[in-house]
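Written out below as structure tokens is the structure these notes cover.
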Amino acid sequence: MTTGHWIKIGHPEDVPPREGRVVDVVGHEIAVFNLGGRFVALANRCPHRGGPLADGILTATAVVCPLHGWKVDLRQGCVERPAGEAACVETYPVRVDDDTIAVCLPARRTAAGGEAA
Amino acid sequence: MTRLVVVGNGMAGMACVEHILTYQPDVAITVFGDETHTNYNRILLSSVLAGEKADDDIVLNPLDWYRRHGIRLCLGVRIVDVDPVRKTVTGDDASVTPYDTLLIATGSKAWFPPIQGLDKDGVFAFRTLDDTRELLRRSGPGVKAVVIGGGLLGLEAARGLQVQGCDVTVVHLMDRLMERQLDADGASYLHGTMEDLGIDVLLGRTTIAVLGDERAEGVALSDGTCLPADLVVVAAGIRPNVDLAVKAELTVNRGIVVNDHMETSDPDIFAVGECVEHRGVCYGLVAPLFEQAKVLAATMTGHRGPAYAGTVAASKLKIVGVDVFSAGDWSEQNAEPVRFEDRALGIYKKLTVRDGKLVGAILVGDTSDSHRYMDWLRTGADLTPQRRHLLFPPPVADAGHDVAEMAESTTVCGCVGVTKGAIIHAIHDRGVSTLSQLKECTRASTGCGSCTKLCQDLLRAVAPAFEEDAKRVICGCVPFDEQALREILRSQKLKSVQEVLEIYGNGTGCEICKPALSYMLDMLWCGDHDEDRSARFINDRVHANIQNDGTFSVIPRMRGGVTTPAELRRIADVAEKYAVRMVKVTGSQRIDLLGVKKEDLPHVWADLGMPSGQAYTKGVRMVKTCVGTEFCRFGTQDSTAAGIEMERRFEQLFTPHKVKMATVGCPRNCAEATVKDIGLVGQEGGWQVVVGGAAGKSVRKADLLTTVETTEAALEASALFFQYYREHANYLERTYDFVERIGIEKVRKDTVYATEAVRHGLLDRLRKSKARSTDAWQEGRTPRHRTQFLKLRPVDAHEVQA
């Protein structure tokens, strides 16, 4: 079960198929992608030079950063290209209810690093 | 063997000499050739006729090669007699040359059927480089040509003449074309292609006479038809040249009879190539000749051992642009046919199987599996276990699989006779890692080029540091080269990227193939297609150039680099209003506003009130100009007006890569036209149109396309080249690479020197594309998608505070 806050960010038709859009939600700049009816969300910052992933071209399972072609996996947020690069970007759960897309922000962390109740 | 005399300076004879030299480099060799050229690749004469290759391109052994090996070369001398007792040959120049060993490699000659009037001027065989040159000289737009014979050679002649602009009719005795290689169905595919090209084909008819006084004016057919003809090409078959062998009292049937060691009935006289008959067969194709040459060289140099067991008759070639492969016995008598055909794709495949073994194959339109079938034919493999996969092998993820299946001794390049083993040897021992190096080192793939893909596969599989010379397959998502893809899109009438990916690719595509496919569809359908923005780079989604911080740069169009005070004022106002980080004059005589946020783009465009300069896309950038005759005291042409007009004609169009242009009013070249993709260089009384220049990653001086008198003619020549580049370049191939790859001579032939119909076609397609193009910045007012330039807004962001 995902803990955190679900935020409604728009309607499915706001993101055209195979494209991405940006949404700013309290300190998180999130890239939301439409994979043909299914939506995924990642932090909109390429681990390389901070490029806007939402502007990238999609492959079957990844997005290609428009700045220098780094390739980031859409499910895990991990860098696929260049190979051997260990960096990842944060991913956010997405659901579509009542014709509305919602992303889930992680619950705020306590000073000790555990999840807040 | 001390003194070797070779009669015949063709492919078989010289292949044999090359092998002899590897066994015995010190032998004294004299070569007689009745043609006046050094050994050339006769198979490629059709490419010369079609203008794809020049005479020099088809030379196999240049003069220097003969010199290096101490070979005495006598060209233009026909050997007319031989005395096998005194061991001498006599030339038509009355020279007498003694030999210890004689090699007869006289090849074959064109057979002229009994037709009246074949001695008239304008009647040709298509057999030698001289024939080809003469045909080239006489052919041209409007010339009527009749080709007698619809076999392989006849069709190649027909295609070449048609490319040269002639009106061509093929008259063929049989009821189908290439009846020796193709069955009725296979031939009908070829027939269709011929007619699409505008070549008339008359089947089941005999030519009875060539009409005219001294010059050919027409031909009369058996059914009473008369066809007008300025040129008559006789391609009705070949006959071995055996006259000399008869004089030497050798055993001769149809050809000079040889045994499995390639020995004739005289121990000091040998024969090789099209003039010999082995086990009752005379060969007219190149692969058997090379096999014979190898065996004979061993026999002649005292290494008698290897035997020639005959060759499975197989031909693989491109006829009128269609790949054709035919091998073995493909008749359906006592055999089970296995076939596949797809009319729309123009693909026909038939295999014949007898007792579980492959006995024959015909492939039309797609010959990529021919090596597999050739191996099955040679080895007689039992195919029962793979019966389900005869035509369509089970998909393999391993790209090296096909080459791994081939034996080391399998010939990869049939033209030059290079085996898989020889290529691997070159890779390992000579450090070959690119196709060009492989060509240089082994000469593989320097003939017809049909083995190029196989050579690359081998390099990829074997070479530790394989590098592709040129990107051929776009990417793994749609594994076709661009030429094939363009054909598929056109013939299948595909109009969206997603459709192409679903039918011919992996369904999703990637950042490499999607923009390439987007471009191809736009070009092929002249803008009348379903543009898919998701398949395009961000710059083409929002019509601005993304910068390293995710903001964009905005460059309005400023044709010819000419602006007005009012425009400059608006630009200044916009720069202040949107707090752009930098205003910069670009190298293209325009003004760049850097650091604009995506959501501000529509407003910036509206305030500027200028069209898009397309500085962000693979498309027409700008025309840089000098002031020319308007102001400059050296100007000879109004380069500013010409440049502005040029920009108007080409702007808004997409191209394989960016296209930068310039016009200059005199050869001082102030706007650097000679390092642009297209440049007009003014001179007294006209313009030079130059193409393929570069001053970026590469620096290259442009090639002269043509010289014309009027500005209109200069713009038309530019338009021809521009559209030709759009249609034939690979995606992301700049004009300077394109021109080098194609060769400026061919570019000229296909554009400014092309027939009127071809030129008209290019200009017409360009006109259509232009008519459908629009200023991209109009989307600022009417976005393609509601959120095209916008961020999404969280609906209930307050929840997070809870």
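Taking only pairs six or more apart or across chains, which ones have beta-carbon atoms under 7 Å, a first residue in the stretch B:579-590 that is free of Cβ contacts under 8 Å to residues at least 60 places away in the same chain, and a second residue that is among the β-branched types (Val, Ile, Thr) and crowded, with 16+ Cβ neighbours inside 10 Å?
Between residues of the stretch B:579-590 that are free of Cβ contacts under 8 Å to residues at least 60 places away in the same chain and residues that are among the β-branched types (Val, Ile, Thr) and crowded, with 16+ Cβ neighbours inside 10 Å, the close pairs are B:Val580/B:Val596; B:Val583/B:Ile591; B:Val585/B:Ile591; B:Thr586/B:Ile555; B:Arg590/B:Ile555.
Being more than 14 Å from chain A (Cβ to nearest Cβ) and touching a Pro at 6+ places or on another chain (Cβ under 6 Å) narrows it down to one of B:Gly692, B:Gly780, so name that one.
B:Gly780
Restricting to the stretch A:73-96, give me the number of residues that are exposed (fewer than 13 other Cβ atoms within 10 Å of the Cβ) and at pLDDT below 90.
Residues that pass the stated criteria total 4.
Does B:Gly186 qualify as being in a helix (DSSP H, G or I) and buried (at least 21 other Cβ atoms within 10 Å of the Cβ)? Full working, then the answer.
Working: in a helix (DSSP H, G or I): yes; buried (at least 21 other Cβ atoms within 10 Å of the Cβ): yes.
In short, yes.
Regarding A:Ala41, is this residue more than 21 Å from B:Arg784 (Cβ to Cβ) and either part of a loop (DSSP other than H, G, I, E, B) or at the interface with another protein chain (Cβ under 7 Å from one of its Cβ atoms) (or both)? So that I can check it myself, show each step before the final result.
Values: more than 21 Å from B:Arg784 (Cβ to Cβ): yes; either part of a loop (DSSP other than H, G, I, E, B) or at the interface with another protein chain (Cβ under 7 Å from one of its Cβ atoms) (or both): no.
Spelling it out, it is not the case that A:Ala41 is more than 21 Å from B:Arg784 (Cβ to Cβ) and either part of a loop (DSSP other than H, G, I, E, B) or at the interface with another protein chain (Cβ under 7 Å from one of its Cβ atoms) (or both).
Go through the stretch B:95-124 and give me each residue that's surrounded by 14 or more Cβ atoms within 10 Å (Cβ to Cβ) and over 27 Å from B:Leu296 (Cβ atoms). Give the derivation first.
As a first pass, look at the stretch B:95-124 and keep what is surrounded by 14 or more Cβ atoms within 10 Å (Cβ to Cβ): B:97, B:99, B:101-110, B:112-113, B:115, B:117-118, B:120, B:122-124.
Residues satisfying the conditions are B:Phe112, B:Pro113, B:Ile115, B:Gly117, B:Leu118, B:Lys120, B:Gly122, B:Val123, B:Phe124.
Scan the stretch B:254-263 and give yes if some residue there is of a type in the set (Lys, Arg) and either in a strand (DSSP E or B) or surrounded by fewer than 16 Cβ atoms within 10 Å (Cβ to Cβ) (or both), otherwise no.
Residues of the stretch B:254-263 that are of a type in the set (Lys, Arg), as a first pass: B:254.
Subsequent filtering for residues that are either in a strand (DSSP E or B) or surrounded by fewer than 16 Cβ atoms within 10 Å (Cβ to Cβ) (or both) retains B:254.
Yes, there is a match, as at least one residue in the stretch B:254-263 is of a type in the set (Lys, Arg) and either in a strand (DSSP E or B) or surrounded by fewer than 16 Cβ atoms within 10 Å (Cβ to Cβ) (or both).
With crowded, with 16+ Cβ neighbours inside 10 Å, away from chain A (no Cβ under 14 Å) and farther than 22 Å from B:Thr640 by Cα as the only criterion, which of B:Val574, B:Val542 stands out? Full working, then the answer.
Numbers: B:Val542 fails: away from chain A (no Cβ under 14 Å).
Checking each option against the conditions leaves just B:Val574.
Restricting to the stretch B:313-336, give me the number of residues that are modelled with pLDDT of 85 or more and touching a Leu at 6+ places or on another chain (Cβ under 7 Å).
So the count comes out to 5.
Listed here are the residues, each with its yes/no results for (1) of a type outside the set (Ser, Thr, Tyr); (2) assigned to a loop (DSSP other than H, G, I, E, B); (3) farther than 30 Å from B:Val27 by Cβ; (4) not assigned by TED's automatic domain parsing to the domain that holds B:Leu102.
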position	(1), (2), (3), (4)
B:Phe325	yes, no, yes, yes
B:Glu332	yes, yes, yes, yes
B:Lys350	yes, no, yes, yes
B:Val353	yes, no, yes, yes
B:Tyr373	no, no, yes, yes
B:Pro385	yes, no, yes, yes
B:Arg388	yes, no, yes, yes
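Checking B:Cys526 against (1) hydrophobic (A, V, I, L, M, F, W, C); (2) in contact with a Gly (Cβ under 9 Å, 6 or more places away or on another chain); (3) modelled with pLDDT under 95, which test does it fail?
(2)
Tally time: how many residues in the stretch B:265-278 are in contact with a strand residue (DSSP E or B) (Cβ under 9 Å, 6 or more places away or on another chain), part of a loop (DSSP other than H, G, I, E, B) and free of Cβ contacts under 8 Å to residues at least 40 places away in the same chain?
Let us first name the residues in the stretch B:265-278 that are in contact with a strand residue (DSSP E or B) (Cβ under 9 Å, 6 or more places away or on another chain), namely B:265-266, B:268-278.
Those still in the list that are part of a loop (DSSP other than H, G, I, E, B) too: B:265-266, B:268, B:272-275.
Going one step further and asking which of them are free of Cβ contacts under 8 Å to residues at least 40 places away in the same chain, we end up with B:265.
Here the count works out to 1.
Within the stretch B:311-323, is even one residue buried (at least 20 other Cβ atoms within 10 Å of the Cβ), of a type in the set (D, E, K, R), within 27 Å of B:Glu18 (Cβ to Cβ) and in contact with a strand residue (DSSP E or B) (Cβ under 7 Å, 6 or more places away or on another chain)?
Scanning the stretch B:311-323, I find at least one residue that is buried (at least 20 other Cβ atoms within 10 Å of the Cβ), of a type in the set (D, E, K, R), within 27 Å of B:Glu18 (Cβ to Cβ) and in contact with a strand residue (DSSP E or B) (Cβ under 7 Å, 6 or more places away or on another chain), so the answer is yes.
Against the definition (assigned to a helix (DSSP H, G or I), buried (at least 22 other Cβ atoms within 10 Å of the Cβ) and not assigned by TED's automatic domain parsing to the domain that holds B:Ile256), how does B:Leu177 come out, yes or no? Break it down into steps so the answer makes sense when it comes.
Working: assigned to a helix (DSSP H, G or I): no; buried (at least 22 other Cβ atoms within 10 Å of the Cβ): yes; not assigned by TED's automatic domain parsing to the domain that holds B:Ile256: yes.
Criteria not met by B:Leu177.
Within the stretch B:643-663, is even one residue part of a strand (DSSP E or B) and small (Gly, Ala, Ser)? Before you say what the answer is, go through the steps one by one.
Narrowing the stretch B:643-663 to residues part of a strand (DSSP E or B): B:654, B:659-663.
With the extra rule that they be small (Gly, Ala, Ser), the set shrinks to B:662.
Yes.
Answer yes or no as to whether B:Thr617 is more than 21 Å from B:Asp737 (Cβ to Cβ), among the polar types (S, T, N, Q) and either within 39 Å of the chain's Cα centre (by Cα) or not in a helix (DSSP H, G or I) (or both). Give the derivation first.
Values: more than 21 Å from B:Asp737 (Cβ to Cβ): no; among the polar types (S, T, N, Q): yes; either within 39 Å of the chain's Cα centre (by Cα) or not in a helix (DSSP H, G or I) (or both): yes.
Taking the combined requirement at face value, the residue does not satisfy it.
Return a yes/no flag: does the stretch A:102-113 have any residue that is more than 10 Å from every other protein chain (Cβ to nearest Cβ), of a type in the set (Ser, Thr, Tyr) and assigned to a strand (DSSP E or B).
no
The values are calculated or read from the model by the stated rules, or taken from the named source; none is laboratory data. Since the model is a prediction, treat every value here as computed from it, not as a measurement. Backbone-built Cβ (ideal geometry, glycine too); neighbour counts: all protein chains shown.
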